[in-house]
Amino acid sequence: MKCDIILAGVGGQGILSIAATIGLAAVEQNLFLKQAEVHGMSQRGGDVQSHLRLSDREIFSDLIPHGGADIIISVEPMEALRYLPWLSEGGWVVTNSVPFVNIPDYPEPEEVIAELGRAGNTIVLDADGIARDLGSARSGNMVILGAASSFISMPFGSLEDAVRKMFGRKGEDIVEVNLKALRAGRDAAAVR
């Protein structure tokens with residue numbers, strides 16, 4: 001078993017929380033894990049990306065080569081587009097449809113979505129809208145993780161357990177809204 005994941009977004013969108021959740025689940029599944037990240041967390045809106053490698057065997061490099069990612073999980077469509085060269089043939093892109101317009105010449109969102117669609121296996125959903133409908137606009141990242149969950153080589157229950165551990169110190173209400181977001185993302189991707 002091997003699963004190479006590129007996580008992409010902009011600062012403040014919860015990419016590192018997605019990485020930590022997958023990492024916790026992987027450890028509980030006794031998987032090997034390597035992660036490399038580049039982020040501008042101190043400046044909201046800066047590029048954030050992470051290479052996350054999971055395997056049932058030892059992993060020697062934390063970086064995913066071009067054409068080697070099984071999944072690109074993105075909470076921002078332009079950031080998903082930026083990392084397409086890393087996607088493997090037959091790999092999946094799972095992204096939010098809602099742009100975070102942080103540059104003056106941001107292309108038309110429809111053009112970005114159309115270009116992503118040309119990549120092949122693509123799931124694009126309004127994670128922000130789904131999260132708002134659940135009563136927590138900040139849980140869009142968990143919606144995206146849920147949408148990508150069927151492509152991550154581990155049981156969905158292990159991701160749910162990881163969400164409980166990740167958010168447990170913030171209280172049961174926060175845990176529950178993030179679990180609802182995770183499940184809503186899984187359900188939204190399943191109907192496509």
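The values are calculated or read from the model by the stated rules, or taken from the named source; none is laboratory data. Owing to the predicted nature of the structure, the values given are computational and were not obtained by experimental measurement. Virtual Cβ from ideal backbone geometry, glycine too; neighbours counted across all protein chains shown. All accessible areas refer to the heavy atoms of the entire protein, side chains included, with ligands and DNA or RNA removed. Shrake-Rupley method; radii C 1.70, N 1.55, O 1.52, S 1.80 Å.
Kindly indicate which of ARG57, ARG82, ARG132 is among the basic types (Lys, Arg), open to solvent by 40 Å² or more (accessible area, probe 1.4 Å) and free of Cβ contacts under 8 Å to residues at least 24 places away in the same chain.
Values: ARG57 fails: free of Cβ contacts under 8 Å to residues at least 24 places away in the same chain; ARG82 fails: free of Cβ contacts under 8 Å to residues at least 24 places away in the same chain.
So the residue among ARG57, ARG82, ARG132 that is among the basic types (Lys, Arg), open to solvent by 40 Å² or more (accessible area, probe 1.4 Å) and free of Cβ contacts under 8 Å to residues at least 24 places away in the same chain is ARG132.
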**Prompt:** When only residues in the stretch 135-156 that are under 20 Å from LYS2 (Cα atoms), among the polar types (S, T, N, Q) and out of contact with any Lys or Arg (no Cβ under 6 Å at 6 or more places or on another chain) count, which is surrounded by the most Cβ atoms within 10 Å (Cβ to Cβ)?
**Reply:** SER153
**Request:** Check LEU7 against each of (1) in contact (Cβ under 8 Å) with a residue 24 or more places away in the chain; (2) outside any helix (DSSP H, G or I); (3) surrounded by fewer than 21 Cβ atoms within 10 Å (Cβ to Cβ) and name the one condition it does not meet.
**Result:** (3)
**Request:** Within the stretch 85-97, track down each residue that is without any contact (Cβ under 8 Å) to a residue 40 or more places away in the chain, under 15 Å from GLY9 (Cα atoms) and crowded, with 20+ Cβ neighbours inside 10 Å.
**Result:** VAL93
**Prompt:** Which numbered condition trips up ALA19, out of (1) under 20 Å from GLY146 (Cβ atoms); (2) touching a residue at least 40 places away in the same chain (Cβ under 8 Å); (3) outside any strand (DSSP E or B)?
**Reply:** (2)
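Determine, yes or no, whether SER50 is within 27 Å of SER158 (Cβ to Cβ), part of a strand (DSSP E or B) and over 15 Å from the mean Cα position of the chain (by Cα).
No; evaluated as a whole, the condition is false for this residue.
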**Lone unmet requirement of (1) in contact (Cβ under 8 Å) with a residue 12 or more places away in the chain; (2) open to solvent by 10 Å² or more (accessible area, probe 1.4 Å); (3) not charged (D, E, K, R) for ALA127** = (2)
**Asked** Going by the structure shown, is PHE100 at pLDDT below 95, in contact with a strand residue (DSSP E or B) (Cβ under 8 Å, 6 or more places away or on another chain) and buried (at least 17 other Cβ atoms within 10 Å of the Cβ)?
**Response** yes
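Against the definition (open to solvent by 10 Å² or more (accessible area, probe 1.4 Å) and over 30 Å from ASN30 (Cβ atoms)), how does ASP187 come out, yes or no?
Values: open to solvent by 10 Å² or more (accessible area, probe 1.4 Å): yes; over 30 Å from ASN30 (Cβ atoms): no.
For ASP187, the condition - open to solvent by 10 Å² or more (accessible area, probe 1.4 Å) and over 30 Å from ASN30 (Cβ atoms) - is not met.
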**Prompt:** Going by the structure shown, is GLY120 open to solvent by less than 70 Å² (accessible area, probe 1.4 Å), farther than 19 Å from ILE5 by Cα and not aromatic (Phe, Trp, Tyr)?
**Reply:** no
**Request:** Answer yes or no: is there a residue in the stretch 124-137 that is out of contact with any Asp or Glu (no Cβ under 7 Å at 6 or more places or on another chain), part of a strand (DSSP E or B) and modelled with pLDDT of 95 or more.
**Result:** yes
**Message:** Is it the case, given these coordinates, that VAL112 is open to solvent by less than 10 Å² (accessible area, probe 1.4 Å), closer than 20 Å to GLY11 by Cα, outside any loop (DSSP other than H, G, I, E, B) and not hydroxyl-bearing (Ser, Thr, Tyr)?
**Reply:** yes
**Message:** Condition first: of a type in the set (A, V, I, L, M, F, W, C) and open to solvent by less than 40 Å² (accessible area, probe 1.4 Å). Now tell me which residues in the stretch 68-79 satisfy that.
**Reply:** ALA69, ILE71, ILE72, ILE73, VAL75
